[in-house]
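So the structure is just underneath, and the comments pick up after that.
The values are calculated or read from the model by the stated rules, or taken from the named source; none is laboratory data. Small disclaimer: the values here were computed from a predicted structure and weren't measured. We place every Cβ from the backbone using ideal geometry, glycine too, and count neighbours over all the protein chains shown.
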Amino acid sequence: MKYKTILVTGGAGFVGSNLAISFKRKYPKARLIALDNLKRRGSELNLSRLKTNDVEFMHADIRCPEDLVLEKKIDLMIECSAEPSVLSGLKDNPGYIIHTNLTGTVNCLELVRKHKADVIFLSTSRVYPYDSLNKIKTKELETRLDWQESQHIHGWSRKGVDVGFTTEGAKTFYGATKLASELLLEEYIANYGIKGVVNRCGVIAGSWQFGKVDQGVFTFWMLSHYFKKELNYIGFGAKGKQVRDLLHIRDLFALIDLEVSQLAKINGRIYNVGGGREVSLSLLETSQLCQEICGNRVKVGKDLKNRPGDIAIYLTDNRKVTQELGWSPKKSAPEIMGDIYAWIRKNEKQVKQSLNL
């Protein structure tokens with residue numbers, strides 16, 4: 001690999017720590033730096049993992065330019081830092097998420113410009129507006145909602161949402177700040193000669209994710225079943241039939257590894273990245289799978305009111321990235337949920353203490 005020093009922002013988080021460790025294991029001669037402000041609960045547990053795997057840790061906040069001072073040059077930034085909650089800012093002051101996800105991006109891009117480094121930017125499927133997604137006609141099946149056939153919508157098919165789908169319309173502050181960040185990256189690529197690519201990710205899952213109801217839902221569901229905590233089906237009839245695809249963190253690493261090796265060829269491109277229809281679950285199906293894997297049944301309540309910005313179905317159309325890079329997800333939904341269960345069981349005491357369960 002040509003990159004000698006790689007900086008991973010959000011490097012003590014679920015995605016960042018796993019990517020940093022994976023790169024270090026595959027390319028032991030490369031210098032990996034994980035940068036994080038450790039704000040998110042559970043991130044402190046990743047510090048020992050980073051150290052064990054010879055990944056350097058840098059305690060810094062992307063909102064503060066004075067924190068982003070590096071003595072040695074970096075060659076590549078994997079930009080994983082973000083406030084990932086889709087509910088953040090919707091009921092209170094949006095300043096925090098805007099400052100983190102937008103001002104933070106500017107500071108990261110300035111660091112990239114000064115170091116003449118390249119960048120892999122992790123964006124989100126939330127750049128697509130929820131009203132437009134919810135206008136896609138659905139049908140109710142036994143365990144999930146599904147999209148109806150024979151609808152003519154640009155950027156959409158029953159396989160999933162492609163990058164050509166509209167981004168016009170409200171999309172939550174999380175989605176809006178990530179889309180704005182994408183636009184800024186486009187200008188930096190055009191004006192400063194850096195190379196970069198954007199991955200609009202669906203739900204990412206796997207071990208060392210401390211899931212919440214509004215972010216990391218599949219891990220949250222397994223955590224709740226493992227520790228026997230009550231859950232709720234929220235909105236869309238409160239039947240738990242809303243659907244998301246899920247992508248294992250190892251499959252994401254495999255993609256980014258490919259992108260890094262071909263960045264000059266794919267410079268400036270945007271990809272939708274997720275499990276797709278083949279690796280998707282409804283909440284009801286997730287409950288059934290969690291019961292099968294860990295043997296616990298929990299009480300699931302019903303809340304008929306839809307949450308702000310919620311979506312009935314989101315599936316990723318991976319065809320563009322598959323055609324251009326030959327990548328496709330390998331881990332099935334049962335494998336992903338089983339991996340999460342195995343991690344919780346192995347680290348039960350640490351997880352329980354960190355999440356106050």
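The number of residues in the stretch 248-270 that are on the phi > 0 side of the Ramachandran plot and crowded, with 19+ Cβ neighbours inside 10 Å comes to 0. For I74, the stated conditions hold: it is crowded, with 18+ Cβ neighbours inside 10 Å, more than 20 Å from the chain's Cα centre (by Cα) and either part of a loop (DSSP other than H, G, I, E, B) or touching a residue at least 40 places away in the same chain (Cβ under 8 Å) (or both).
Going by the conditions given, is Y174 touching a residue at least 40 places away in the same chain (Cβ under 8 Å), surrounded by fewer than 23 Cβ atoms within 10 Å (Cβ to Cβ) and closer than 25 Å to I120 by Cβ? In short, no. I'm trying to understand the selection: among the residues of the stretch 58-71, which are under 20 Å from S17 (Cβ atoms) and outside any loop (DSSP other than H, G, I, E, B)? If the condition is that a residue be under 20 Å from S17 (Cβ atoms) and outside any loop (DSSP other than H, G, I, E, B), then M58, H59, D67 are the ones that fit. In the stretch 37-57, the residue that is modelled with the lowest pLDDT out of those that are hydrophobic (A, V, I, L, M, F, W, C) and in a loop (DSSP other than H, G, I, E, B) is L38. Which members of the stretch 37-55 meet the condition of being among the hydrophobic types (A, V, I, L, M, F, W, C) and surrounded by fewer than 24 Cβ atoms within 10 Å (Cβ to Cβ)? Hits for the stretch 37-55 are L38, L45, L47, L50.
Residue-by-condition table, conditions (1) surrounded by fewer than 22 Cβ atoms within 10 Å (Cβ to Cβ); (2) outside any helix (DSSP H, G or I); (3) without any contact (Cβ under 8 Å) to a residue 24 or more places away in the chain:
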| site | (1), (2), (3) |
| --- | --- |
| H99 | yes, no, no |
| T103 | yes, no, no |
| V106 | yes, no, no |
| E110 | yes, no, no |
| R113 | yes, no, no |
| L122 | no, yes, no |
| R126 | no, no, no |
| S132 | yes, no, no |
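Among the residues making up the stretch 214-247, a single one is buried (at least 21 other Cβ atoms within 10 Å of the Cβ), among the aliphatic types (A, V, I, L, M) and touching a Lys or Arg at 6+ places or on another chain (Cβ under 6 Å): V243.
One residue alone among T316, T286, T322 is within 27 Å of L122 (Cα to Cα) and free of Cβ contacts under 8 Å to residues at least 24 places away in the same chain, and that residue is T322. Within the stretch 1-36, if we keep just the residues that are of a type in the set (S, T, Y), outside any helix (DSSP H, G or I) and surrounded by 17 or more Cβ atoms within 10 Å (Cβ to Cβ), the residue that is nearest to the chain's Cα centre (by Cα) turns out to be T9. On the given criteria, is N199 under 25 Å from A238 (Cβ atoms) and in contact (Cβ under 8 Å) with a residue 60 or more places away in the chain? The answer is no for N199. Look at the stretch 271-305 and say how many of its residues are within 26 Å of V163 (Cα to Cα) and either buried (at least 23 other Cβ atoms within 10 Å of the Cβ) or not charged (D, E, K, R) (or both). Here the count works out to 11. When F220 is tested against (1) closer than 25 Å to P329 by Cα; (2) outside any loop (DSSP other than H, G, I, E, B); (3) modelled with pLDDT of 95 or more, just one condition goes unmet, and that condition is (3). The helices (runs of 4 or more DSSP H) found entirely in the stretch 260-347 that carry 2 or more residues being touching a helix residue (DSSP H, G or I) at 6+ places or on another chain (Cβ under 6 Å) are 283-294, 333-346. For the criterion of being touching a Gly at 6+ places or on another chain (Cβ under 6 Å), of a type in the set (D, E, K, R) and within 24 Å of L19 (Cα to Cα), R126 passes. Applying the selection to the stretch 136-170, what residues are among the acidic types (D, E) and loosely packed, with under 13 Cβ neighbours inside 10 Å? Within the stretch 136-170, E140, E142, E149, E168 qualify. Residues that are under 20 Å from I189 (Cα atoms) and at pLDDT 95 or above: does the stretch 239-256 have at least one? Yes, the stretch 239-256 contains a residue that is under 20 Å from I189 (Cα atoms) and at pLDDT 95 or above. With respect to the conditions (1) closer than 20 Å to E335 by Cα; (2) modelled with pLDDT of 95 or more, F210 lacks only one, and its number is (2).
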